[in-house]
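Contents: one structure, followed by commentary.
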Amino acid sequence: MSLRAVVVSLRPHQWTKNLVVFAALALSKHLFEVEPLLKTLMAFALFCGLSGTVYLINDVADMERDRLHPRKRLRPVASGALTTRAAGSVALILGLTSLGLTLLLGAPFALCAALYLALNLLYSFRLKEVVIVDVLAVSLGFVLRAVAGAVAIAVQISEWLLICTLLFALFLTLSKRRHELTSLNASASEHRRILAEYSPYLLDQMIAVVTASCVTAYAFYTTAPDTREKFQTDRLAWTIPFVLYGIFRYLYLVHQKDQGGSPTDVLLTDRPLLAVVALWAIAIVLIVYTAGGAPMPIGR
C-alpha cells in the first residue's frame, strides 16, 4: 500500500471546508485565547480525519463511475494505485479513531461529529441519488461543522449564521452540479446518475434563488438588533460588499470561465477571489475585536 496514494485519497486540499468550525470561535471573541483556540484546532483536525474517511469511502463506492470522468479517473482508487481493500481498511481505522477522539471535546461535539459521518455515509450510498436532497445533504454537512465548532468551546452560534452557512453551501454545491452537467455533456449521467434529473436552466434558477437568499440573510445577520447588541457595533454591515463581490466573482468563473467543479480549487487558484475572502476575514476580525462587546461566556 502506497502512503502517497493514501494521502492523495484523503484529499487534504479539500480540508479547507473544515475551516467552518472556526466561525464560532472568531465570532465569540475567543480567537486569541489559548484554550478555546486549541479546542477548535482539535475540532478542525478531527473533522479533517472524518472528511478523509468519507473521501475514501466515496472513492470505493464511486470507483467505476470515476473511471469515466476525465479527472477523477486519476484518483488512486479509480486508477488502481490504491486497492479497495486497502482504502476500506484505512477508512475504518481513521473513522473509528477520529470518532473516539471526539469524546475528548465532550458529548455534544461527539454527537455532531457522528451525525456528520452518518449523513455523509447515507449520502454516499443513498441520498446522492435523490434529486434536490443530494445538494441539501452536502450543505447540511457544512452546518454540522459550524455547530460542532460552537459546541466544542461551549458557546452559542447565531441562527442567522447557520442559515447563511446553509445557503452559501447550497450555492457552491449547485454551482458544482452545474459545472459537472455542462462539462461532461452527454456522459454526465454516466458519471453521476442524479445529473439526469437536472438541467442547466433548472440549476440556474435554483442558484439565482439561493444567491439572493444568501446575500439577504447575511445582510439581515449583520444588521440585526441582536448582532449589533452582541458586538456593540453596526459596522459588520460594512463587510456586505466583500460578500457581494465574492459571490459575483464565483458566478463569473462558473459561467464565463467554466470553473466551479471544485470550489476549493477555485478558491485557492483564483487570486481575486482569494483576496476578497482574505479581506472579508480580516475585516470581520478587526470589527469584532475592536468593538466594545464582551466575549461570549464559555461554559458547559
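The values are calculated or read from the model by the stated rules, or taken from the named source; none is laboratory data. All figures in this text were calculated on a predicted structure; none of them were measured in a lab. Reconstructed Cβ throughout: ideal geometry from the backbone, glycine too, with neighbour counts over all protein chains shown.
Things worth noting here:
- Within the range 101-120, the residues that satisfy the criterion of being among the small types (G, A, S), surrounded by fewer than 17 Cβ atoms within 10 Å (Cβ to Cβ) and either closer than 28 Å to M63 by Cα or in contact with a strand residue (DSSP E or B) (Cβ under 7 Å, 6 or more places away or on another chain) (or both) are A114, A118.
- Some residue of the range 150-166 being surrounded by fewer than 21 Cβ atoms within 10 Å (Cβ to Cβ), more than 27 Å from V243 (Cβ to Cβ) and in contact (Cβ under 8 Å) with a residue 24 or more places away in the chain: yes
- Residue in the range 121-139 that is touching a residue at least 40 places away in the same chain (Cβ under 8 Å), closer than 29 Å to A224 by Cβ and crowded, with 22+ Cβ neighbours inside 10 Å present: yes
- Taking the range 210-243 as the range and being of a type in the set (A, V, I, L, M, F, W, C), without any contact (Cβ under 8 Å) to a residue 40 or more places away in the chain and surrounded by 14 or more Cβ atoms within 10 Å (Cβ to Cβ) as the test, the residues that pass are V215, A219, A237, I240, V243.
- Evaluation of T239 against the conditions (1) under 28 Å from T182 (Cβ atoms); (2) hydroxyl-bearing (S, T, Y); (3) at pLDDT 95 or above shows that the sole unmet condition is (1).
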